[in-house]
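Trainee: Please read through the structure below; I'll follow up with questions.
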Amino acid sequence: MAEKVLMKGNEALAEGAIRAGCRFFAGYPITPQNEVPEYMSWRQEEAGGAFVQAESEVSAINMLYGAAATGVRAMTSSSSPGLSLKQEGISYMAGADLPCLIVNIMRGGPGLGNIAGAQGDYTQATRGGGNGDYRTFVLAPFSVQELANFPKKAFELSEKYRVPAMILADGILGQMMEGMSFDFEPVDPKTLPQPCWAIGGKHADRARNMVFSYALGEGELEKMVLKRAERYALIERDEVIYEERDTQDAEVLIVAYGISARASIAAMNIARANGIKAGLLRPITLWPFPSKRIAELSKKVKAILCVEMSMGQMKVDVDLSVKNACPVYLHAKPGAFFPVAEEIAIAIESALKGRKDQLFNIEDLAKKAENKIYAVNNPVCKEGALL
């Protein structure tokens, strides 16, 4: 049995990547993920790899492109606004069919926001974020244990399908400490198969290979996009990962990921102690999303409650999955506020009864905001006041 140690989430993630065979890291400091590049700065040297603190996030993602093109397992990490700066490079890597690992330890937003944990980057991550028709694998851990073990899974999926992979966590997970163990033996990069995508000249064992993300010939780009779409369809069929708890007899299904799922498990236990049969489905792959399973469960429950630290970004995917088979409600904690189990338990009861009074409801907020303006630049108002 693997030895159990106490580690901070960001450091467990970095060590997990090293053990998974990552031998190139490029990044730029931003809270709350700074422990990742800090850890990599000395650990890569020990492992015989390379660490680069780039001059910007834009530089870091383009360095990742170059490293991945050589066939090495390469990784970058950042936090929300830093990931926004990397989107062009991620799109280029998707267009070049280069495997890599990108980590986002989310913070509050939009804009600079704050440095607390949030989940407001869901849409950006699951829809690609950059230009063009592409997707990235998105794995959502909810513990330090999963932060440690997901880099290996991410690299394997990324290389199998030649699609960039992302681990989407948040500042709470990144900063918390838990007992964990590495559930896999360290990967020696020398034992990995020769990557077919690696750039190189022609020689006896292989043809000349070039890496690029464009196709200028008539009809060539369409063929590339359609071929990539076939791979995406296989991923959506074969690589969906999720966890279920107490869904067999559930009358209210909670859908939550990451740190929100931890609070939802506690809320589910409170609800069951009060006689309400609540269950949980936790998406582990946010893309591909477990739409099929949620659709099946929606026909068995009376209501679904989405719990997330954003304004219902994941709820969009749940709504698309359910297709009006049952009511779908939202309990949202945006702006880097953490969902509390007792509040979620009240929302579970409200969802079961079809009430919205205890739910964070966007329609109600819109009504309250009617005929009001945000008076940042109004000299007769206190700055930032709502009139």
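Trainee: Only one of these is touching a residue at least 12 places away in the same chain (Cβ under 8 Å) and more than 30 Å from Y161 (Cα to Cα): S260, S298. Name it.
Mentor: Numbers: S260 fails: more than 30 Å from Y161 (Cα to Cα).
Result of the check over S260, S298: S298.
Trainee: Oh, and also: Could you list, in sequence order, the residues of segment 256-297 that are outside any helix (DSSP H, G or I) and within 18 Å of the chain's Cα centre (by Cα)?
Mentor: A256, Y257, L281, R282, P283, I284, T285, L286, W287, P288, F289, P290
Trainee: Does L157 fit the bill of being of a type in the set (A, V, I, L, M, F, W, C), at negative phi, part of a helix (DSSP H, G or I) and surrounded by fewer than 24 Cβ atoms within 10 Å (Cβ to Cβ)?
Mentor: yes
Trainee: Same structure again: Find all pairs meeting these conditions: Cβ atoms under 9 angstrom apart; at least six residues apart or on different chains; first residue within segment 344-356 and part of a helix (DSSP H, G or I); second residue among the aromatic types (F, W, Y) and surrounded by 17 or more Cβ atoms within 10 Å (Cβ to Cβ).
Mentor: A347/Y329; A347/F360; S350/Y329; A351/Y329
Trainee: With the condition being more than 30 Å from E185 (Cα to Cα), assigned by TED's automatic domain parsing to the domain that holds A12 and hydrophobic (A, V, I, L, M, F, W, C), I'd like the helices (runs of 4 or more DSSP H) fully within segment 22-139 carrying at least 1 qualifying residues.
Mentor: Filter on segment 22-139 gives 57-69, 80-95.
Trainee: What number of residues within segment 305-327 are farther than 19 Å from F142 by Cβ and either crowded, with 22+ Cβ neighbours inside 10 Å or under 22 Å from the mean Cα position of the chain (by Cα) (or both)?
Mentor: Within segment 305-327, residues that are farther than 19 Å from F142 by Cβ and either crowded, with 22+ Cβ neighbours inside 10 Å or under 22 Å from the mean Cα position of the chain (by Cα) (or both) number 7.
Trainee: In segment 302-340, how many are over 24 Å from D249 (Cβ atoms) and in a strand (DSSP E or B)?
Mentor: Total satisfying the criteria: 2.
Trainee: Go through the residues of segment 167-179 one by one and say whether even a single one is outside the structural domain of S310 (by TED's automatic domain parsing), small (G, A, S), part of a loop (DSSP other than H, G, I, E, B) and surrounded by 18 or more Cβ atoms within 10 Å (Cβ to Cβ).
Mentor: Scanning segment 167-179, I find no residue that is outside the structural domain of S310 (by TED's automatic domain parsing), small (G, A, S), part of a loop (DSSP other than H, G, I, E, B) and surrounded by 18 or more Cβ atoms within 10 Å (Cβ to Cβ), so the answer is no.
The values are calculated or read from the model by the stated rules, or taken from the named source; none is laboratory data. Being a predicted model, the structure only gives us computed values, none of them experimental. Backbone-built Cβ (ideal geometry, glycine too); neighbour counts: all protein chains shown.
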